[in-house]
Amino acid sequence: MTDDQRAAYLAGDDAAAHEPVALPASDVAALDDLRGLLADHALWAEPPAELGERVVAAVAAARENPATGPTPLHAVRRASHRRWIMLSAAAAVIIALALGVFFGTRTTSNPEKFAATLAATELQPNASGDVTLTKSTSGWRIELHADGLPRRDNGRYYEAWLKSADGVLVPVGTFNDGRDVTLWSAVSPADFTTFTITRQVVGAGEDSSGQVVLAGTTKRA
Amino acid sequence: MASGDAQLAADFAAGDPDSVRAVYESYGRLVYAVAYKVLGDSGLAEDATQQAFVQAWRSAHRFDPTQALGPWLATIARRAAIDIYRQSRRNRGHASLEAAEPLLASAPPSAEQIYEVWEVRRAVDSLPPDEAQLVRLQHFTGLTHSQIATRLGVPVGTVKSRTHRAHRRLVGLLDHLRAGGPGAPSREAGG
């Protein structure tokens, strides 16, 4: 059987088109399998455009914290601060699981989302921004778009935080330029409802500098 | 195996963001197709794709540079998709998932089936866009040559000749599948 005959079999769009070609049974079976594959949605499914950046961010997060997988938590943190973070994260997961069992109808294909509009402070009065937080199996993916923040390099950087109502602060990532940033959080914006961005300096300590340049309250989107 | 794959894998293992992006650009759609084949759900397939690349990065130091990167990633993608399925089942309750999504409750595709999906997807992706469109309209959308001609506004004879050319190219690209393919993923990836 030639490739032309195989192509003719595949290209035929009705049974009559197949009759002129004498096909060995094994070839017919293989070509029918191929027809089945070509009709499979998986062959034509396209990933969303942003998935590439999400993959890059997930690998970057895993590199920062290889023991626990994709997470935005920095490797170097004071032990007491880390314990607070872990306890807060565990509490958030338990609450999230309880809510999931209670409501029980959400699916991963329609992920939970929160969003916040970010307002400038007097430290950077021309800044503005917005943030979207989307739940995934790896944690909360945070898409940040901020304007009016001058780029910080050479030991100066920005850090993003989520804060709970009782003041527990969880870092969700650092960056130099805020225009198009992907961050990750292990805690839920349902519980850590205040999103802030601070100016930070390397070597000046691991806690928030308190120099907030943008802030907003997350709301379910 | 292309030497480019070995270099790409080495850069990937080093965690260089540019190389992660390059591996995704080369193989991301194929990994997604494998995940979609296993899971049948776009949201879960996205999660599985992300997890597959993280797992690949973690085990990249074990990648055998004499082998092709693609089948190695396909094996990891299949396993990541199965993990995501199990995780989803645990989170949402086994019984309710089976009732709602019987496809997911069946056995996952074998490594050989995944390899075929990978290779056919790669072949389709390498077709010229107009030929890929014809193949899609015929096999996925289920249109006849006459219906395709009407939709595209070209004579039926043109559709027939272009369709034959597309399938002739496809048969050539997939010839190695008939021979049992040297790149079939018979090994499990590390990590």
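The values are calculated or read from the model by the stated rules, or taken from the named source; none is laboratory data. These numbers come from a predicted model, not from an experiment. Cβ atoms come from the backbone with ideal geometry, glycine included; neighbour counts cover every protein chain shown. Only protein heavy atoms, including side chains, enter the accessible area calculation; ligands, DNA and RNA are left aside. Shrake-Rupley method; radii C 1.70, N 1.55, O 1.52, S 1.80 Å.
Work out the FRET efficiency for A:Gln5 and A:Arg220 from their Cβ-Cβ distance, taking R0 = 51 Å, and round it to the nearest 0.05. Result of the calculation: an efficiency of 0.30. Heavy-atom accessible area for A:Lys219, with the other protein chains in place and a 1.4 Å probe, reaches approximately 130 Å². Residues A:Asp27, B:Asp175, ordered by accessible area of protein heavy atoms at a 1.4 angstrom probe radius and largest first, appear as B:Asp175, A:Asp27.
Between chain B and chain A, roughly 4500 Å² of accessible surface gets buried, counting both sides and using a 1.4 Å probe. If you plug the beta carbon distance of A:Glu122 and B:Leu152 into 1/(1 + (r/R0)^6) with R0 = 51 Å, you get a FRET efficiency near 0.25. Each label was represented as a point 7 Å from its Cα along the Cα-to-Cβ direction; for B:Ala107 and B:Ser161 these points are 4.7 nm apart.
Checking buried surface per residue: for segment B:47-75, which residues lose a minimum of 40 Å² accessible area in the protein assembly relative to the chain alone (1.4 Å probe)? Those are B:Asp47, B:Gln50, B:Val54, B:Trp57, B:Arg58, which lose 40 Å² or more relative to the chain on its own. Other protein chain C-beta atoms within 10 Å of residue C-beta, averaged over A:132-142: 2. Among B:24-30, A:148-154, A:5-11, the peptide with the highest mean count of other Cβ atoms within 10 Å heads the list, and the full ranking is A:5-11, B:24-30, A:148-154. In whole percent, how big is the carbon plus sulfur part of the accessible area of segment A:147-221, probe 1.4 Å, protein atoms only? So the carbon and sulfur contribution to the accessible surface is 45 percent.
Counting only other chain Cβ atoms within 10 Å of each residue's Cβ, the peptide B:114-123 averages 3. Residue by residue along A:162-172, Cβ atoms of other protein chains within 10 Å of the local Cβ number 0 on average.
Taking 0.36 nm per residue of separation and subtracting the current Cα-Cα distance, fully stretching the chain between A:Ser208 and A:His145 would add 20.6 nm. When peptides B:127-139, A:189-201, B:160-172 are ranked by their average number of other Cβ atoms within 10 Å per residue, the highest-first order is A:189-201, B:160-172, B:127-139.
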